[in-house]
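This report concerns only the one structure given below.
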Amino acid sequence: MEDENQNQSGMKRRTFIKAAAAAGVLAAGGAALWQIGAFRRLQENATRQFPGVLYTERLRQIVTQDPSRTRMLMWELTLPAEEDLTVELRVQGADETNVHHFPASNDRFIDDEIEVYQYRAEVNHLTPGTHYQYRITSEDAATDWQTLCAPAADETYKMLIFPDTQSSDNYADWKEMAHLAWARNTDAALFACMGDLVDNGEDRLQWTDFFGGVEEMQRVIPMAPLMGNHETYDLNWKERLPEAYLHYFATPPNASTEFDRYYYSFDYGDVHYIALCTQQREIGAFKDGLVAEQLEWIRRDMRAHRKKWNVVLMHKDVLQYRIHGRPERTEGIDDDNGRVWMPVFDELGIDVVFSAHLHTYRNRGHIYGFQKTPDKKGPLYILTGVAGNVRYPNLWIDHPFDEVTLPQPETDNYLTMDVGRDAIEIACFLPDGREMDRVKVTKR
């Protein structure tokens with residue numbers, strides 16, 4: 001979501017950070033300061049004190065098209081690797097002699113004038129329904145073993161869902177809420193982040209702050225990230241292609257020549273997930289055809305994947321809201337996304353649609369043919385809320401389709417989705433764990 005004060009506040013933050021760096025002040029989590037000699041010496045000293053330990057940053061699992069058989073692993077180092085890096089994988093409980101090895105590729109890139117020493121490896125030939133452990137190794141060092149679970153085809157599970165996490169500070173609210181959500185839901189099998197992960201897509205500091213919120217969970221369960229409009233902004237708040245987002249998240253390929261990994265799909269258990277890209281306005285300044293390409297792709301994709309449940313993840317919402325103080329704005333169906341996608345969701349039998357962008361939680365119930373359906377025909381539409389500190393208290397005027405809203409002014413929230421044998425159950429929680437909404441979806 002746009003923030004009218006983002007330009008001013010964002011630049012002030014960066015100006016302060018750069019001034020601190022020039023003065024030699026080591027700000028907590030300051031990624032731009034990682035290149036200075038003092039920190040390198042600190043890292044080298046730690047390595048000498050703890051020989052055999054490989055230190056990684058932002059170690060994470062990313063969903064693949066079939067996480068029951070493959071998994072993408074990504075991580076960073078504070079210094080470039082001098083030896084080849086390898087992922088070792090073993091069945092949980094097996095000894096270290098029965099290990100599979102997967103070579104890592106160098107995925108280094110430069111953005112925000114900072115070189116990121118990033119690496120990745122895809123592990124494959126997983127057996128569905130099996131619990132594994134993995135670690136990253138170099139010639140004479142290794143990380144701790146981490147958990148990696150390959151789901152069974154009919155597995156019941158829980159998913160964590162986080163709305164927009166963009167923040168105007170050091171992401172303290174986001175980090176606190178994410179840590180609390182994970183502490184209460186360590187049985188979750190995967191998690192999704194609904195776009196606008198950062199306030200500014202080129203700001204390296206904001207990316208490291210974002211990852212700080214999911215530091216624990218991203219090592220042991222896979223993430224399904226979405227691109228939001230804020231991932232397409234440069235440091236001057238001009239639109240650009242989502243360079244950093246595409247580097248940080250090696251999401252499943254979609255066979256597109258122009259928009260590879262802008263949108264994707266994957267299966268988990270008996271659910272097929274479709275992650276759409278709704279940034280056609282921002283990206284259209286650089287290349288056209290995003291919507292038309294996705295409209296063709298989604299039909300092919302749905303024909304190729306036959307699962308019991310179908311769930312859509314999209315950043316921008318399908319409805320348009322009136323705004324306090326702007327009488328010229330009408331409510332209804334959003335032209336850019338609702339008019340385009342809602343008929344397709346009806347046609348393809350989508351069960352649940354999660355959206356974000358407006359920084360407010362709204363449960364709309366089921367909608368079919370642009371109309372509310374008391375008999376629960378059509379997808380359930382959930383506007384997921386806000387997970388950062390950029391909030392819009394009392395901005396939106398309730399839409400006639402809204403069935404559940406949160407008390408105003410809204411605070412952060414997160415969602416869980418429990419996938420069972422016969423139903424999907426979605427719940428909304430505040431950071432303190434209070435449940436604010438719960439809804440169940442069953443097959444008609």
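Within the range 151-158, is there a residue that is modelled with pLDDT of 95 or more, open to solvent by 10 Å² or more (accessible area, probe 1.4 Å) and closer than 22 Å to Glu410 by Cβ?
no
Quick one: which strands (runs of 3 or more DSSP E) lie wholly within the range 140-214 and hold at least 1 residues that are of a type in the set (Gly, Ala, Ser) and either touching a His at 6+ places or on another chain (Cβ under 7 Å) or farther than 23 Å from Phe429 by Cα (or both)? Walk me through it before giving the result.
Values: elements: 146-150, 157-162, 190-193.
Fully inside the range 140-214 and qualifying: 146-150.
Given the options Ile367, Ile397, name the one that is open to solvent by 10 Å² or more (accessible area, probe 1.4 Å) and touching a residue at least 24 places away in the same chain (Cβ under 8 Å).
Values: Ile367 fails: open to solvent by 10 Å² or more (accessible area, probe 1.4 Å).
When all the criteria are applied, what remains is Ile397.
I'd like to verify a number: residues in the range 244-266 that are among the small types (Gly, Ala, Ser) and under 25 Å from Glu113 (Cα atoms), how many? Before the answer, list the steps.
The initial filter retains those residues of the range 244-266 that are among the small types (Gly, Ala, Ser), namely 244, 250, 255-256, 265.
In the following step, the residues that additionally are under 25 Å from Glu113 (Cα atoms) were identified as 244, 250.
Result for the range 244-266: 2.
On the given criteria, is Ala183 touching a Pro at 6+ places or on another chain (Cβ under 7 Å) and surrounded by fewer than 17 Cβ atoms within 10 Å (Cβ to Cβ)? Can you show your working first?
Working: touching a Pro at 6+ places or on another chain (Cβ under 7 Å): no; surrounded by fewer than 17 Cβ atoms within 10 Å (Cβ to Cβ): yes.
It is false that Ala183 is touching a Pro at 6+ places or on another chain (Cβ under 7 Å) and surrounded by fewer than 17 Cβ atoms within 10 Å (Cβ to Cβ).
So Phe162 clears everything in (1) out of contact with any helix residue (DSSP H, G or I) (no Cβ under 9 Å at 6 or more places or on another chain); (2) under 30 Å from Arg240 (Cα atoms); (3) of a type in the set (Phe, Trp, Tyr) except one condition, right? Which one?
(1)
Quick check, is Ala142 in contact with a strand residue (DSSP E or B) (Cβ under 6 Å, 6 or more places away or on another chain), under 30 Å from Leu383 (Cα atoms) and surrounded by fewer than 21 Cβ atoms within 10 Å (Cβ to Cβ)?
Numbers: in contact with a strand residue (DSSP E or B) (Cβ under 6 Å, 6 or more places away or on another chain): yes; under 30 Å from Leu383 (Cα atoms): no; surrounded by fewer than 21 Cβ atoms within 10 Å (Cβ to Cβ): yes.
So Ala142 fails the test.
Which one of these does His230 not meet: (1) under 19 Å from Asp111 (Cα atoms); (2) open to solvent by 10 Å² or more (accessible area, probe 1.4 Å)?
Here His230 clears every test but (2).
Being part of a loop (DSSP other than H, G, I, E, B), touching a Leu at 6+ places or on another chain (Cβ under 6 Å) and either surrounded by 18 or more Cβ atoms within 10 Å (Cβ to Cβ) or not hydrophobic (A, V, I, L, M, F, W, C) (or both): is that true of Pro431 here? Quick ask: steps written out before the conclusion?
On the way: part of a loop (DSSP other than H, G, I, E, B): yes; touching a Leu at 6+ places or on another chain (Cβ under 6 Å): yes; either surrounded by 18 or more Cβ atoms within 10 Å (Cβ to Cβ) or not hydrophobic (A, V, I, L, M, F, W, C) (or both): yes.
Yes; evaluated as a whole, the condition is true for this residue.
Of all the residues that make up the range 112-151, how many are of a type in the set (Gly, Ala, Ser) and within 23 Å of the chain's Cα centre (by Cα)? Before the answer, list the steps.
As a first pass, look at the range 112-151 and keep what is of a type in the set (Gly, Ala, Ser): 121, 129, 138, 141-142, 150.
Of the ones still in play, those that are also within 23 Å of the chain's Cα centre (by Cα) are 121, 150.
Summing the residues that are of a type in the set (Gly, Ala, Ser) and within 23 Å of the chain's Cα centre (by Cα) in the range 112-151 gives 2.
Going through Asp418, Asp412 one at a time, which residue ends up being within 24 Å of the chain's Cα centre (by Cα), modelled with pLDDT of 95 or more, buried (at least 19 other Cβ atoms within 10 Å of the Cβ) and of a type in the set (D, E, K, R)? Before the answer, list the steps.
Details: Asp418 fails: buried (at least 19 other Cβ atoms within 10 Å of the Cβ).
Going through Asp418, Asp412 in turn, just one is within 24 Å of the chain's Cα centre (by Cα), modelled with pLDDT of 95 or more, buried (at least 19 other Cβ atoms within 10 Å of the Cβ) and of a type in the set (D, E, K, R): Asp412.
Checking Asp335 against (1) open to solvent by less than 10 Å² (accessible area, probe 1.4 Å); (2) free of Cβ contacts under 8 Å to residues at least 24 places away in the same chain: exactly one of these is not met. Which one?
(1)
Identify the single condition in (1) over 30 Å from Ile221 (Cβ atoms); (2) modelled with pLDDT of 95 or more that Arg13 does not satisfy, given that it satisfies every other one.
(2)
At least 2 residues that are among the aliphatic types (A, V, I, L, M) and surrounded by 14 or more Cβ atoms within 10 Å (Cβ to Cβ) in each: list the strands (runs of 3 or more DSSP E) lying fully within the range 66-117 that qualify. Give the derivation first.
Details: elements: 71-77, 86-91, 100-103, 109-111.
So the answer is 71-77, 86-91.
Conditions tested, residue by residue: (1) touching a Pro at 6+ places or on another chain (Cβ under 6 Å); (2) crowded, with 19+ Cβ neighbours inside 10 Å; (3) in a helix (DSSP H, G or I); (4) in contact (Cβ under 8 Å) with a residue 40 or more places away in the chain.
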{"residue": "Ser256", "(1), (2), (3), (4)": "no, no, no, yes"}
{"residue": "Phe266", "(1), (2), (3), (4)": "yes, yes, no, yes"}
{"residue": "Ala285", "(1), (2), (3), (4)": "no, no, no, yes"}
{"residue": "Asp288", "(1), (2), (3), (4)": "no, no, no, no"}
{"residue": "Val291", "(1), (2), (3), (4)": "no, no, yes, yes"}
{"residue": "Glu296", "(1), (2), (3), (4)": "no, no, yes, no"}
{"residue": "Arg300", "(1), (2), (3), (4)": "no, no, yes, no"}
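I need a count of the residues in the range 320-347 that are touching a Lys or Arg at 6+ places or on another chain (Cβ under 7 Å), over 24 Å from Asp199 (Cα atoms) and not in a strand (DSSP E or B).
Of the residues in the range 320-347, 3 are touching a Lys or Arg at 6+ places or on another chain (Cβ under 7 Å), over 24 Å from Asp199 (Cα atoms) and not in a strand (DSSP E or B).
If the requirement is being among the basic types (Lys, Arg), more than 18 Å from Phe354 (Cβ to Cβ) and in contact with a strand residue (DSSP E or B) (Cβ under 8 Å, 6 or more places away or on another chain), which of these qualifies: Arg261, Arg204?
Values: Arg261 fails: in contact with a strand residue (DSSP E or B) (Cβ under 8 Å, 6 or more places away or on another chain).
Matching residue, one of Arg261, Arg204: Arg204.
Does Asp317 meet the test of being acidic (Asp, Glu), in a loop (DSSP other than H, G, I, E, B) and touching a residue at least 24 places away in the same chain (Cβ under 8 Å)?
Working: acidic (Asp, Glu): yes; in a loop (DSSP other than H, G, I, E, B): yes; touching a residue at least 24 places away in the same chain (Cβ under 8 Å): yes.
Yes.
Given the conditions (1) in contact with a Leu (Cβ under 7 Å, 6 or more places away or on another chain); (2) open to solvent by less than 10 Å² (accessible area, probe 1.4 Å); (3) part of a helix (DSSP H, G or I), report the number of the one that Arg219 does not fulfil.
Single failed check for Arg219: (2).
The values are calculated or read from the model by the stated rules, or taken from the named source; none is laboratory data. Worth saying up front: this structure is predicted, and the values here are computed from it rather than measured. Counting neighbours? That spans all protein chains shown, and the Cβs are built from the backbone with ideal geometry, glycine included. These area figures cover heavy atoms from the full protein model, side chains too; ligands, DNA and RNA do not enter into them. Shrake-Rupley method; radii C 1.70, N 1.55, O 1.52, S 1.80 Å.
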